[in-house]
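S.K.: This is the structure I have questions about; it appears just below.
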Amino acid sequence: MSETVPIYGFGGGGAALNFDVKQYTTESQLSAAKPKENTIGVITTTAITNWHFAAEQPGNMVNGDVWFHTGTSSTVAFNALKKNNVTVYPLGLKQYVNGALVDVSGKIYQAGIWKDFETVLYDSGRFADGFDVDAKSDSGSASVTKNADSMTWEGRGNAWHIFYITPKILPSGHKTLKMLVENASGSMDSNSGKFGIASSVDSPDDVEFPTGYQAFSKFSGQKIFAFDLTAITGSTEYYVALHFGTTNSTFSFDVKKIWLE
Amino acid sequence: MKIYIDTEFCCHTTNPNGAFREVILSEAALVFFSNKCTAFIEGCRLKPEGETWIREDGFVFSGDEMITPWKPYDELAAAQAQYEADLAEAAAAYQEGVNSAYDL
């Protein structure tokens with residue numbers, strides 16, 4: 001996968017560029033628009049002055065500038081140039097307004113529809129390039145079975161279990177961490193389940209979720225675990241992790257998708 | 001430890017005007033907030049189990065309990081680090097005083 005490089009500019013849609021950046025003042029205005037392919041619509045009442053595509057916050061932003069946070073994987077990746085190839089992997093966006101970066105909504109128009117920016121770590125049997133899963137248990141067993149279109153996570157015994165995605169991710173710039181799960185079976189310790197971002201996964205009986213967590217318990221049917229990331233700032237990376245305990249029991253479920261919006 | 005939440009589930013450690021409601025902390029929440037300084041606690045949002053928080057962009061968080069920062073986490077981490085450093089300094093000073101007393 002190509003590395004992303006910072007791209008800075010204004011306007012878009014020129015002779016060389018394969019995308020455009022447009023301001024819309026409301027969600028409905030954006031939804032009604034049918035612009036050309038790879039038009040990025042930014043919903044804001046502050047005029048857009050310039051735009052920056054970069055993995056980290058640019059240092060020289062002025063009022064109205066939009067920062068498109070980029071990574072190495074995106075469901076809305078696009079080639080920024082008409083003739084050559086510079087692939088951009090947008091993950092999210094913020095705008096510099098009155099001296100501070102603020103969250104603004106935006107979407108990209110591709111294949112005739114408006115799409116949200118998201119980073120998919122795992123989807124229906126496939127990990128994004130470079131990503132994988134690991135599992136540990138302190139005094140029982142924790143296992144991952146990779147199926148054709150999902151993976152089954154199982155914790156067994158009288159133990160704590162931790163399941164985590166490798167490598168760590170940088171949550172800053174994303175709004176929500178999500179995991180789609182289904183087919184829960186068995187029993188887990190009540191009030192023991194946590195989903196979120198962990199700083200350390202070395203000790204299954206002492207996993208730290210320093211920024212908080214989304215609790216979970218045994219569920220039925222299909223469910224989406226969601227953890228708010230909007231205030232997770234800084235350059236610290238974390239493991240996407242899920243933690244629960246079992247007492248002389250087995251608890252398992254299927255994971256269908258893990259992603260960040 | 002008493003934690004109060006407001007209508008946006010933001011945490012408060014005092015309730016001077018009675019505008020907030022006290023939360024009965026789950027075991028997990030008790031562990032999470034234990035040994036945390038006021039600045040850290042009050043920079044967090046606690047959505048109790050069974051309640052719903054609608055984020056500014058319209059995304060709905062419902063169901064099980066969620067704890068997440070609402071202030072930039074960098075600030076909370078820095079406040080907590082300073083708090084722990086102050087505690088360590090105070091403990092060291094206390095121990096030094098104790099040691100001095102035994103030396104007399």
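S.K.: For chain B, just say rounded, prolate or oblate: build the C-alpha gyration tensor, square-root its eigenvalues into a ≥ b ≥ c, call rounded for a/c under 1.5, and beyond that prolate if a/b exceeds b/c, oblate if not. All intermediate terms of the calculation are to be shown ahead of the outcome.
M.R.: On the way: a/c = 2.96, a/b = 2.48, b/c = 1.20.
It is prolate, given that a/c is not under 1.5 and a/b is the larger ratio.
S.K.: Cα atoms only: what Rg and Dmax, in Å, come out for the stretch A:113-205?
M.R.: Values for the stretch A:113-205 (Cα only, Rg and Dmax): 14.5, 49 Å.
S.K.: Given the DSSP H assignment, sum -39500 (n - 2.57) over each helix run of at least 4 residues in chain A and divide by its residue total; what's the result at 222 nm in deg cm²/dmol, nearest 500?
M.R.: Values: 1 runs with 6 residues, N = 261.
Theoretical 222 nm ellipticity from helices: -500 deg cm²/dmol.
S.K.: I would also like to ask the following. Starting from the Cα of residue A:218, draw a straight line to each of the lysines and keep only those under 16 Å, dropping any in the same chain fewer than 8 residues away.
M.R.: A:194
S.K.: State in Å² the accessible area per residue of chain B; use a 1.4 Å probe, count heavy atoms of protein chains only, and round to the nearest integer. Spell out each step's value before the answer.
M.R.: Details: 6230 Å² over 104 residues.
For chain B, the solvent-accessible area averages 60 Å² per residue.
S.K.: Same structure, new question: May I ask you to list the lysines whose Cα is less than 19 Å away from that of residue A:94, ignoring any residue fewer than eight positions away on the same chain?
M.R.: Within the straight-line limit of under 19 Å, residue A:94 reaches these lysines: A:22, A:107, A:115, A:175, B:71.
S.K.: Would you calculate a helix-derived [θ] at 222 nm for chain B, using -39,500 (n - 2.57) for each DSSP H run of n ≥ 4 and dividing by the full residue count, to the nearest 500?
M.R.: Values: 3 runs with 42 residues, N = 104.
One gets -13000 deg cm²/dmol as the mean residue ellipticity at 222 nm.
S.K.: Starting from the Kirkwood radius over alpha-carbon pairs of chain A, derive D by Stokes-Einstein at 4 °C in a medium of 1.567 mPa s and give it in µm² s⁻¹. Please report the intermediate quantities before stating the final value.
M.R.: Working: Rh = 19.7 Å.
Answer, rounded: 66 µm²/s.
S.K.: If you don't mind, another one. Normalise the Debye intensity by I(0) for the stretch A:31-87, one equal point scatterer per Cα, no solvent, then take log10 at q = 0.12, 0.20, 0.29 Å⁻¹ and round to two decimals.
M.R.: Log-scaled intensity ratios, in q order: -0.36, -0.98, -1.28.
S.K.: If the only charges are +1 at each Lys and Arg Cβ and -1 at each Asp and Glu Cβ, what is the size of the charge dipole of the stretch A:135-236 around the Cα centre, to the nearest 20 debye? Kindly include the intermediate steps, with their values, before the conclusion.
M.R.: On the way: 9 positive and 10 negative charges, 63 e Å.
For the stretch A:135-236, the charge dipole is close to 300 debye.
S.K.: Return one whole number: the accessible area per residue of the stretch A:102-258 in Å², for a 1.4 Å probe.
M.R.: Values: 6010 Å² over 157 residues.
For the stretch A:102-258, the solvent-accessible area averages 38 Å² per residue.
S.K.: Which whole-number percentage describes the relative contact order of chain B, with Cα contacts under 8 Å and a sequence gap of 6 or more?
M.R.: On the way: 120 pairs, mean separation 22.1, N = 104.
With pairs under 8 Å counted, the relative contact order is 21 percent.
S.K.: Putting +1 on Lys and Arg Cβ atoms and -1 on Asp and Glu Cβ atoms, find which of A:241, A:219, A:260 reaches farthest to the positive end of the dipole of the stretch A:202-261.
M.R.: About the Cα centre, the residue reaching furthest to the positive side is A:219.
S.K.: Using R₀ = 51 Å, calculate the FRET efficiency as 1/(1 + (r/R₀)^6) where r is the Cβ-Cβ separation of residue B:102 and residue A:249; round to 0.05. Could the numbers behind the result be given before it?
M.R.: Numbers: r = 53 Å, r/R0 = 1.03.
Efficiency, rounded to the nearest 0.05: 0.45.
S.K.: To the nearest 100 Å², how much accessible surface do chains A and B cover up together, summed over both, with a 1.4 Å probe? Write out the running numbers ahead of the final one.
M.R.: Working: alone 11980 and 7110 Å², together 17300 Å².
Approximately 1800 Å² gets buried when A meets B.
S.K.: Once the Cα atoms of helix B:73-103 and of chain B are each reduced to a long axis, what angle between those two axes, in degrees from 0 to 90 to the nearest 10, is obtained?
M.R.: The helix B:73-103 is inclined about 20 degrees to chain B.
S.K.: Ordering A:257, A:22, A:34 from largest to smallest accessible area (1.4 angstrom probe), what's the sequence? Show your work: numbers first, answer last.
M.R.: Details: A:257 40, A:22 85, A:34 160 Å².
Listed by decreasing accessible area, they come as A:34, A:22, A:257.
S.K.: Averaging sequence separations of C-alpha pairs under 8 Å and six or more residues apart, then dividing by the length of chain A, give the relative contact order as a whole percent.
M.R.: On the way: 701 pairs, mean separation 46.4, N = 261.
So the answer I get is 18 percent.
S.K.: Follow-up question, since we're still on this one. Within the protein assembly as shown, what whole-number % of the accessible surface is contributed by carbon and sulfur, with the 1.4 Å probe and all protein chains included in the calculation? Mind dumping the intermediate values first?
M.R.: On the way: 8320 of 17300 Å².
Ligands and nucleic acids excluded, carbon and sulfur reach 48 percent.
S.K.: Taking the full set of protein chains and a 1.4 angstrom probe, give the accessible area of residue B:23 in square angstrom, rounded to the nearest 10.
M.R.: Rounded to the nearest 10, that gives 20 Å².
S.K.: Inside 10 Å of the C-beta atoms of A:214-222, what's the mean count of C-beta atoms belonging to other chains? Working shown, then result.
M.R.: Values: counts 8, 11, 4, 4, 0, 2, 0, 0, 0.
Mean number of neighbouring Cβ atoms from other chains: 3.
S.K.: Protein chains only, probe 1.4 Å: how do B:7, A:247 rank by accessible area, largest first? Intermediate values should be presented prior to the final figure.
M.R.: Details: B:7 130, A:247 75 Å².
Putting B:7, A:247 in descending order of accessible area: B:7, A:247.
S.K.: Could you give the length gained by full extension between residue A:206 and residue A:185, i.e. 0.36 nm per residue of separation minus their alpha carbon distance, to one decimal place? Working shown, then result.
M.R.: Values: separation 21, 0.36 × 21 = 7.56 nm, distance 2.44 nm.
Contour length minus the Cα-Cα distance gives 5.1 nm.
S.K.: If you count only protein heavy atoms and use a 1.4 Å probe, how large is the accessible surface of residue A:52, to the nearest 10 Å²?
M.R.: Using a 1.4 Å probe on the heavy atoms, I get roughly 10 Å².
S.K.: Right, another one. For a quick check of understanding: with a 1.4 angstrom probe and all protein chains in place, what accessible area in square angstrom does residue B:1 have, to the nearest ten?
M.R.: Surface open to solvent at residue B:1 totals about 120 Å².
The values are calculated or read from the model by the stated rules, or taken from the named source; none is laboratory data. Owing to the predicted nature of the structure, the values given are computational and were not obtained by experimental measurement. Cβ sites come from the backbone with ideal geometry, for glycine too, and all protein chains shown count toward neighbours. Heavy atoms of the whole protein, side chains included, go into the accessibility calculation; ligands, DNA and RNA do not. Shrake-Rupley method; radii C 1.70, N 1.55, O 1.52, S 1.80 Å.
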